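Visitor: Here it is, the structure, as structure tokens.
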Amino acid sequence: MKGIVFTEFLEMVEASFGLGTVDTIIENADLTSEGAYTAVGTYDFNEMVQLLTNLSEVTKIPIHDLQYTFGHYLFDGLVKSHPEVANSYKNPLGLIYSIEDHIHIQVKKLYPDAELPTFKILEKTEQTLTMIYSSSRGLYALAHGLIKRTFEYFEKGVEVNYELLNEQGTEVKFAITQNG
């Protein structure tokens with residue numbers, strides 16, 4: 001998993017829960033990296049699992065909710081790092097629709113070893129998008145947070161429904177409807 005995900009996660013934890021919580025979740029984990037991350041590094045996904053689990057234990061917030069909140073937070077960090085990506089789209093559905101064919105291609109150019117989820121588009125209209133999220137990591141709640149924040153960024157309302165296609169959450173059908 002790319003380091004930018006870890007650095008943004010720890011920034012979110014510090015902003016929301018304080019530096020002491022960051023220290024606690026790192027100290028309570030068995031991290032090969034010892035909790036030292038760089039945005040361009042690559043780290044074991046299990047380290048993120050440990051950090052999320054520890055944060056959930058400390059805050060008593062379910063992991064699913066923390067993933068959603070992090071997805072919401074991560075969007076802003078990604079836009080700050082790569083403003084040209086969001087600025088090249090006129091609406092949120094256009095940005096989400098182009099994840100596979102444009103954004104992930106650009107990410108792979110920058111980070112050839114990045115393991116990205118896939119988004120298979122099933123249907124697109126002017127106001128709706130239906131797609132299948134697939135990832136061995138099952139971070140669909142993080143994807144949900146990213147989707148929701150995308151619409152907020154473009155100042156558009158949205159209804160996002162999802163259906164788990166397996167109990168691990170590694171395949172999820174998202175139905176997105178733009179309001180307004």
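The values are calculated or read from the model by the stated rules, or taken from the named source; none is laboratory data. For clarity, every value in this text was computed on a predicted model and none was experimentally measured. Positions of Cβ are backbone-derived with ideal geometry, glycine not excepted, and every protein chain shown enters the neighbour counts. Areas reflect the complete protein model, heavy atoms only, side chains present, ligands, DNA and RNA absent. Shrake-Rupley method; radii C 1.70, N 1.55, O 1.52, S 1.80 Å.
Visitor: Tell me which residues, restricted to region 88-125, are exposed (fewer than 12 other Cβ atoms within 10 Å of the Cβ), charged (D, E, K, R) and farther than 21 Å from T42 by Cα.
Guide: Within region 88-125, K90, D101, E123 qualify.
Visitor: Further question on the same structure: Which one of these is closer than 19 Å to L142 by Cα, open to solvent by 60 Å² or more (accessible area, probe 1.4 Å) and at pLDDT below 95: T42, T38, T32?
Guide: Numbers: T38 fails: closer than 19 Å to L142 by Cα; T32 fails: closer than 19 Å to L142 by Cα.
Going through T42, T38, T32 in turn, just one is closer than 19 Å to L142 by Cα, open to solvent by 60 Å² or more (accessible area, probe 1.4 Å) and at pLDDT below 95: T42.
Visitor: Right, next: Consider region 66-83. How many of its residues are of a type outside the set (D, E), in a helix (DSSP H, G or I) and more than 20 Å from T21 (Cα to Cα)?
Guide: At the first step, the residues of region 66-83 found to be of a type outside the set (D, E) are 66-75, 77-83.
Filter again for in a helix (DSSP H, G or I), leaving 66-75, 77-81, 83.
Subsequent filtering for residues that are more than 20 Å from T21 (Cα to Cα) retains 75, 77-81, 83.
Number of matching residues: 7.
Visitor: Next question. Taking the stated definitions as given, is Y68 surrounded by 18 or more Cβ atoms within 10 Å (Cβ to Cβ), in contact (Cβ under 8 Å) with a residue 40 or more places away in the chain and closer than 30 Å to E126 by Cβ? Break it down into steps so the answer makes sense when it comes.
Guide: Details: surrounded by 18 or more Cβ atoms within 10 Å (Cβ to Cβ): yes; in contact (Cβ under 8 Å) with a residue 40 or more places away in the chain: yes; closer than 30 Å to E126 by Cβ: yes.
Taking the combined requirement at face value, the residue satisfies it.
Visitor: May I ask you to list the residues in region 119-163 that are more than 20 Å from Y73 (Cα to Cα), part of a strand (DSSP E or B) and of a type in the set (G, A, S)?
Guide: S134
Visitor: Return the residue satisfying two criteria in turn: it lies in region 126-155 and is out of contact with any Ser or Thr (no Cβ under 9 Å at 6 or more places or on another chain) and of a type in the set (K, R), and of such residues it is most open to solvent (accessible area, probe 1.4 Å).
Guide: Top of the filtered list is K148.
Residues checked against (1) in a helix (DSSP H, G or I); (2) aliphatic (A, V, I, L, M); (3) under 20 Å from the mean Cα position of the chain (by Cα); (4) over 21 Å from G145 (Cα atoms):
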| position | (1), (2), (3), (4) |
| --- | --- |
| I25 | yes, yes, yes, yes |
| S33 | no, no, no, yes |
| V40 | no, yes, yes, yes |
| Q50 | yes, no, yes, no |
| T53 | yes, no, yes, no |
| H64 | yes, no, yes, no |
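Visitor: Of the residues E115, E57, E47, E100, only one is acidic (D, E) and over 22 Å from T170 (Cα atoms); which?
Guide: Details: E115 fails: over 22 Å from T170 (Cα atoms); E47 fails: over 22 Å from T170 (Cα atoms); E100 fails: over 22 Å from T170 (Cα atoms).
After ruling out the rest, the residue left standing is E57.
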